[in-house]
1. Can you tell me the dipole magnitude for region 188-324 around its Cα centre, using point charges on the Cβ only (Lys, Arg +1; Asp, Glu -1), in Debye to the nearest 20?
2. Along the charge dipole of the chain, which of SER257, VAL171, LEU204 sits closest to the positive end, that is, farthest toward it, with unit charges on the beta carbon of Lys, Arg, Asp and Glu (+1, +1, -1, -1)?
3. Can you list the trypsin sites (Lys or Arg not before Pro) in region 349-452 that are in a DSSP coil and have 12 or fewer other beta carbons within 10 angstrom?
4. Work out the charge dipole of region 354-407 with +1 on the Cβ of Lys and Arg and -1 on the Cβ of Asp and Glu about the Cα centre, then indicate which of PHE393, ILE379, MET365 is farthest towards its positive end.
5. Report HIS233's accessible area, 1.4 Å probe, all protein chains in place, as a number in Å² to the nearest 10.
6. Computed FRET efficiency, Cβ-Cβ of GLU181 and ARG461, R0 35 Å: what is it to the nearest 0.05?
7. Note the full-extension length gain between ALA217 and SER18 as 0.36 nm times their separation in residues minus their Cα-Cα distance, in nm to one decimal.
8. For SER121, SER198, SER268, give the ranking by accessible area with the largest first, probe 1.4 Å.
Amino acid sequence: MSAVTDAAGLAEMPPGPSLAAALACIDRARVSNGDMIEVLRARYRLRAHLDAQLAADIADIGLRDPRSDRGSVAYLPEPGQFAADELRPALSWTRRRAEAELDFSWELTVRLPWVFDALDSGDIDLPKARVFATYLADLPLARRTEICAAVLPKAPGWTTGRLAAHLRKLVISADPQSARELYEKALARRRVVGYLDSAGTAVLSANDIAPEDMAAACTRISRLAAAVKRRGHPARMDQLRADLFCGLLDGTLHSLSRTEIIDHFLGSVPSGKAQGIEVRAELGTLLGISRRPGELPGWGPLLADNTRSAVLAQRGGSWYFAVCDDDGYLLVPGITRRRPLQARDLRDGGMVELQVSTSLLARLMESPPVGWEAVIADIAAQYAAWPTASAAFDSQPGRRFPTAGLRRANRMRDRTCRGPGCRRPATESQFDHTVDHARGGPTTDANGGQLCAHDHDLKTRGHWCLKQPEPGVFLWTSPLGQVHRTRGDPVIIPPLTAPEDDLPPF
């Protein structure tokens, strides 16, 4: 194909194969400044068309009958309970993402066909289509038809913010009952979400909360911050609000009165204990040998300094260890009741996982760091005794439920739910018999794996087939024939560069 240097005719071409072919011939370096705007608009129309067709594909997959032969064409009247799970391995999506995209695609293609047509023709883009689905999908057919007829012709020139405000106003004024139902539906989804951002700090948000309740919470925090500031605290108001917000939730300010909270920030009243947390840490990081990050399960990586302070504040929590091979995979799990002399009882409970490779453990035994001698000796002793101790884990294959030791080892091996793309922590999952116990499956490590409640149902009621060809390796086969392999991540992620040969002096 020869290169095209102008945008003549692009504006009149509907999105589809012809427009895609024309755009593929465009040589940007030879297109004039003014014509590049037409190229941009044409490609954006094509993208909208592809988004519409992708939504149609997703909705179609959601309707395929999982009980039918894979070579047939068989549909259900509406998406089934496990319909979205086909999308997870196919597109490497989380279950939440897959369910959300299937819901949106179903609403767009079935309940909002006028919006689908506008997206397919490139008149609106995907973000605007999502706004329409948010406000209109649950309305009666007559109301959806009326509002779409009135608003869709104006939508191409509006921003998503203006479109959302206009639709919300129409819904409330034209049908207060539907607006109330939309509110109740959102309120039923209320939740708290926490995650780490790119800087390694955390974000905590409460979503879909009653406005009056959230206003009251924000007002209380702002007034407390203002009172602390008036007493001469040097921090900025935003910093004080954040510290108060966290302290009111993590337990440190729980039992204090308003006056005591203010005095605490000025240093005259001690705080209570913060809630303990689950934290995973390489022993090398805790000893200052490396600065590798730790991990907050369900959150993500934790900077080395934060990892050390979090571990050493949880003397009274439960401490586990994981001895790993050179690739980072689990060899020996266990519990240690020893604590380093540096540990303090500053948090209420919590759980610590100490991670160490066999090579580092051997070196530490030769020269144990000050304060950690008892911990190192205990881990080394249990590692040496593992061939005998591990036999007890699989010694009762007829049990219905695993022993505490087998459950712990299985969780540490799998790390998270072993469902396709699922990241739910193993501590929030179930011990599942790959070959069901009712069908003679033994309660052993090689026949066990961690599955969340949803993925357990996916196997037992969702027509998915699960096999475990070797301990910790799982093969899922979906009703539509996808095969997805899962294995728990290494306990210790190998570094990109080899570690230093010599340990620092202790």
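1. That gives region 188-324 a dipole magnitude of about 260 debye.
2. Going by the Cα projections, it comes out as SER257.
3. ARG400
4. Looking along the dipole axis, the top candidate is PHE393.
5. Its accessible surface works out to 40 Å², give or take rounding.
6. Working from the Cβ atoms, E equals 0.70.
7. 66.1 nm
8. From most accessible down to least: SER198, SER268, SER121.
The values are calculated or read from the model by the stated rules, or taken from the named source; none is laboratory data. What you are looking at is a predicted structure, and each value in this text was computed from that prediction instead of being measured. Note: ideal-geometry Cβ built from the backbone for every residue, glycine included; neighbour counts use all protein chains shown. With ligands, DNA and RNA removed, areas are computed over all heavy atoms of the protein, side chains included. Shrake-Rupley method; radii C 1.70, N 1.55, O 1.52, S 1.80 Å.
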